[in-house]
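The values are calculated or read from the model by the stated rules, or taken from the named source; none is laboratory data. Owing to the predicted nature of the structure, the values given are computational and were not obtained by experimental measurement. Cβ placement follows ideal geometry from the backbone for every residue including glycine, while neighbour counts extend to all protein chains displayed.
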Amino acid sequence: MAELSDKMDDHMLVASFRNEKLKEASFTQLVRKYQERLYWHIRRMVVTHDDTNDILQNVFIKVWKNLGDFREESNLYTWLYRIGTNEALSWMEQQKRRSSVSIDDTEVFTGKLTSEKDFDSNKIEWRLQQAIQSLPEKQKVVFNLRYYDEMPYEDMANVLGTSVGALKASYHHAVKKVEAFLKEN
């Protein structure tokens, strides 16, 4: 197997992926480079570790199938975040459809979060996660991308396929709702 540099930039990763001899090594490098960032991006949307791992696996399967056709009109990480975001949103939509009982989403979230070993309900992070999970899906995604990933609005517009102005408004409303939730609780 051909060896690739750990310092390979995204353009070189995509180019080497297109070389059949370097395909597997370059994909492995891509996974190493972006796996953790994508994991936490998805985890903040779906909460549980197991669900996040399942979605992340689907993301990398799609990347493997489509990276050869990536036109590099956007940054690679923007393209990866778009796939991750779409996969997480699709998963959340499937969960809503599967749920035949009308249960408050916040209660479902609290149950999942309480069962996760990494969360302590006495910490402010837990309350922040409750506040974020109470947001509508689009505001949740926008808040997570901006607050946690510090993604510029222009990149977010590429990931979510919407305007910068709409994203700024969505983030503003999300912040206000999170603040109100934290003050009430």
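Could you pull out the residue among K33, K23, K62, K96 that is free of Cβ contacts under 8 Å to residues at least 24 places away in the same chain and under 22 Å from N158 (Cβ atoms)? Outline the logic, then answer.
Details: K23 fails: under 22 Å from N158 (Cβ atoms); K62 fails: free of Cβ contacts under 8 Å to residues at least 24 places away in the same chain; K96 fails: under 22 Å from N158 (Cβ atoms).
Exactly one of K33, K23, K62, K96 is free of Cβ contacts under 8 Å to residues at least 24 places away in the same chain and under 22 Å from N158 (Cβ atoms), namely K33.
So E125 fits all but one of (1) surrounded by fewer than 16 Cβ atoms within 10 Å (Cβ to Cβ); (2) at pLDDT 75 or above; (3) in contact with a helix residue (DSSP H, G or I) (Cβ under 9 Å, 6 or more places away or on another chain); (4) farther than 17 Å from W79 by Cα; what number is the exception?
(3)
So in region 43-81, with the set limited to residues that are under 15 Å from the mean Cα position of the chain (by Cα) and assigned to a loop (DSSP other than H, G, I, E, B), which one is surrounded by the most Cβ atoms within 10 Å (Cβ to Cβ)?
For region 43-81, the residue satisfying everything is V47.
Could you list, in sequence order, the residues of region 122-156 that are under 14 Å from H172 (Cα atoms) and either assigned by TED's automatic domain parsing to the domain that holds L80 or among the β-branched types (V, I, T) (or both)? Please lay out each step first, then the result.
Residues of region 122-156 that are under 14 Å from H172 (Cα atoms), as a first pass: 132, 135-136, 138-147, 153.
Matches in region 122-156: I132, V141, V142.
In region 20-44, which residues are touching a helix residue (DSSP H, G or I) at 6+ places or on another chain (Cβ under 8 Å) and either outside the structural domain of F60 (by TED's automatic domain parsing) or over 13 Å from D149 (Cα atoms) (or both)? Talk me through it step by step, then tell me what you get.
Narrowing region 20-44 to residues touching a helix residue (DSSP H, G or I) at 6+ places or on another chain (Cβ under 8 Å): 22-23, 25-27, 29-31, 33-35, 37-39, 41-44.
L22, K23, A25, S26, F27, Q29, L30, V31, K33, Q35 - these are the residues of region 20-44 that are touching a helix residue (DSSP H, G or I) at 6+ places or on another chain (Cβ under 8 Å) and either outside the structural domain of F60 (by TED's automatic domain parsing) or over 13 Å from D149 (Cα atoms) (or both).
Report yes if G165 is modelled with pLDDT under 90 and over 16 Å from R43 (Cβ atoms), otherwise no. Reasoning before the result, please.
Numbers: modelled with pLDDT under 90: no; over 16 Å from R43 (Cβ atoms): yes.
Spelling it out, it is not the case that G165 is modelled with pLDDT under 90 and over 16 Å from R43 (Cβ atoms).
Do you know which residues across region 141-159 are in a helix (DSSP H, G or I) and either of a type in the set (D, E, K, R) or free of Cβ contacts under 8 Å to residues at least 60 places away in the same chain (or both)?
First, pick out the residues of region 141-159 that are in a helix (DSSP H, G or I): 141-147, 153-159.
Correct list: V142, F143, R146, Y147, Y153, E154, D155, M156, A157.
Quick one: is M12 at pLDDT below 95 and either on the phi > 0 side of the Ramachandran plot or crowded, with 17+ Cβ neighbours inside 10 Å (or both)? If you could, list the steps in order and put the result at the bottom.
On the way: at pLDDT below 95: yes; either on the phi > 0 side of the Ramachandran plot or crowded, with 17+ Cβ neighbours inside 10 Å (or both): no.
Spelling it out, it is not the case that M12 is at pLDDT below 95 and either on the phi > 0 side of the Ramachandran plot or crowded, with 17+ Cβ neighbours inside 10 Å (or both).
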